[in-house]
Amino acid sequence: MSRIRPQVGIIMGSQSDWPTMQLTADILTELGVAFETKIVSAHRTPERLYSYAKGAKAAGLKVIVAGAGGAAHLPGMTASMTPLPVLGVPIESKALKGQDSLYSIVQMPAGVPVGTLAIGEAGAKNAGLLAAQILALSDAALAERLEAWRKQHSADVAETPVRVS
Ligand code: RP5
């Protein structure tokens, strides 16, 4: 059986990040984009991070989505070791509600960019969409699927609010 080569690498600092990062995986599945998922911690598994980031381009990946919480060094450290675009998802932490994660990811020094998304679920979902949009620049079929997704997304918004109580 032939396996489709993943184009997006979804990495996260911990198993506890998966419920959030699953939303990135879900949107990529919906759009028919091949991806892989790995737990790679900047602090607990630095060697794994080094070999993943250094080998990502040669492995055929085009975009990396990195989710991390707290002292969230994973997206930035990954970006420092790969020429691929890195999208960072700040995980909503318990202590500081993800503000720590956001500030850790967004304040990169000039020269090492990380495309930082919103805290939590919205960020994870948008990271999947943004990764797909990057890939769609050189994939007409994916661009069409994205356009259809957006049309459906708009069509799903009701014009009149419904009373809930
Ligand atoms: C970070 O520490 C992870 O990205 C996670 O968001 C956070 C907490 O990790 P666990 O203690 O739940 O494994 O490295």
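Some notes on this structure:
- None of GLU36, GLU47 is acidic (Asp, Glu), touching a Gly at 6+ places or on another chain (Cβ under 6 Å) and more than 10 Å from the ligand (Cβ to nearest atom) except GLU36.
- Residues located in segment 1-26, provided they are among the hydrophobic types (A, V, I, L, M, F, W, C) and either within 15 Å of the ligand (Cβ to nearest atom) or closer than 19 Å to GLU92 by Cα (or both): ILE10, ILE11, MET12, TRP18, MET21, LEU23, ALA25
- Pair list, Cβ < 8 Å and 6+ apart or interchain, from segment 121-149 residues that are touching a residue at least 40 places away in the same chain (Cβ under 8 Å) and aromatic (Phe, Trp, Tyr) to residues that are in a helix (DSSP H, G or I) and surrounded by fewer than 18 Cβ atoms within 10 Å (Cβ to Cβ): TRP149/GLU30
- Residues located in segment 111-142, provided they are closer than 15 Å to VAL65 by Cα and among the small types (Gly, Ala, Ser): GLY115, ALA118, GLY120, ALA122, GLY123, ALA124, ALA127, GLY128, ALA131, ALA132
- Check on LYS94, near the ligand (Cβ under 10 Å from one of its atoms), of a type in the set (Lys, Arg) and assigned to a loop (DSSP other than H, G, I, E, B): yes
- Residue in segment 131-152 that is buried (at least 17 other Cβ atoms within 10 Å of the Cβ), of a type in the set (S, T, N, Q), in contact with a Leu (Cβ under 9 Å, 6 or more places away or on another chain) and closer than 25 Å to GLU36 by Cβ present: no
- Residue within segment 98-111 that is small (Gly, Ala, Ser), surrounded by 20 or more Cβ atoms within 10 Å (Cβ to Cβ) and either away from the ligand (no atom under 14 Å from the Cβ) or part of a strand (DSSP E or B) (or both) present: no
- Residues located in segment 45-76, provided they are under 25 Å from LEU102 (Cβ atoms), in a loop (DSSP other than H, G, I, E, B) and aliphatic (A, V, I, L, M): ALA56, LEU61, ALA71, ALA72
- Meets criteria (within 13 Å of the ligand (Cβ to nearest atom), more than 19 Å from ASN126 (Cα to Cα) and in contact (Cβ under 8 Å) with a residue 40 or more places away in the chain) for SER41: no
Read-outs throughout are calculated quantities, based only on the coordinates presented, and are distinct from any laboratory measurement. Computed from a prediction, not measured in an experiment: that's the story for all the values here. Heads up, the Cβs are rebuilt from the backbone with ideal geometry, glycines too, and the neighbour counts pull from every protein chain shown.
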